[in-house]
Amino acid sequence: MATIVLSLRTGEEMVAKLDQLAEATERDRQYHLKRAVARYLEAEAWHVHSIKEGIADADAGNLSDLESVKAKWVKRAENSAD
């Protein structure tokens, strides 16, 4: 698989933290940046997917009325107080 070079501008403080992490783990900046970007993309993809699922549910009419949602949370709060 071909690799593509990306670049970003950031402040000195972030670079210093990245360098400290790299030194402490005996890994280079690139290793940590790739891991950070991968984790971010995974989390954001999950978020976008979940929103799309919610919209599809709403479009299909799979909705809960506000009063039943409130009752559920009140009951849960009462049970957790025990």
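Read-outs throughout are calculated quantities, based only on the coordinates presented, and are distinct from any laboratory measurement. Here the structure is a predicted model, which means the values were calculated and not measured. Using ideal geometry, Cβ is built from the backbone for each residue, glycine included, and neighbour counts are taken over all protein chains shown.
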Exercise. Looking at the range 19-33, is at least one residue surrounded by 10 or more Cβ atoms within 10 Å (Cβ to Cβ), part of a loop (DSSP other than H, G, I, E, B) and free of Cβ contacts under 8 Å to residues at least 12 places away in the same chain?
Worked result: yes
Exercise. Does the range 6-14 include one or more residues that are free of Cβ contacts under 8 Å to residues at least 12 places away in the same chain, part of a helix (DSSP H, G or I) and within 24 Å of the chain's Cα centre (by Cα)?
Worked result: yes
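Working only within the range 61-74, note down all residues that are assigned to a loop (DSSP other than H, G, I, E, B) and of a type in the set (A, V, I, L, M). First the steps, then the outcome.
Step one: of the range 61-74, the residues assigned to a loop (DSSP other than H, G, I, E, B) are 61-65.
Matches in the range 61-74: LEU63 only.
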Exercise. Quick check: is even one residue across the range 42-60 under 20 Å from VAL5 (Cβ atoms) and either among the polar types (S, T, N, Q) or surrounded by 10 or more Cβ atoms within 10 Å (Cβ to Cβ) (or both)?
Worked result: no
Problem set entry | Members of the range 42-60 that are over 16 Å from the mean Cα position of the chain (by Cα) and either among the β-branched types (Val, Ile, Thr) or in a helix (DSSP H, G or I) (or both) | GLU53, GLY54, ILE55, ALA56, ASP57, ALA58, ASP59
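Test ARG39 against the stated conditions and say whether it is surrounded by 10 or more Cβ atoms within 10 Å (Cβ to Cβ) and either in contact (Cβ under 8 Å) with a residue 60 or more places away in the chain or under 17 Å from the mean Cα position of the chain (by Cα) (or both). Full working, then the answer.
Details: surrounded by 10 or more Cβ atoms within 10 Å (Cβ to Cβ): yes; either in contact (Cβ under 8 Å) with a residue 60 or more places away in the chain or under 17 Å from the mean Cα position of the chain (by Cα) (or both): yes.
Considered against the rule, which asks whether it is surrounded by 10 or more Cβ atoms within 10 Å (Cβ to Cβ) and either in contact (Cβ under 8 Å) with a residue 60 or more places away in the chain or under 17 Å from the mean Cα position of the chain (by Cα) (or both), ARG39 comes out as yes.
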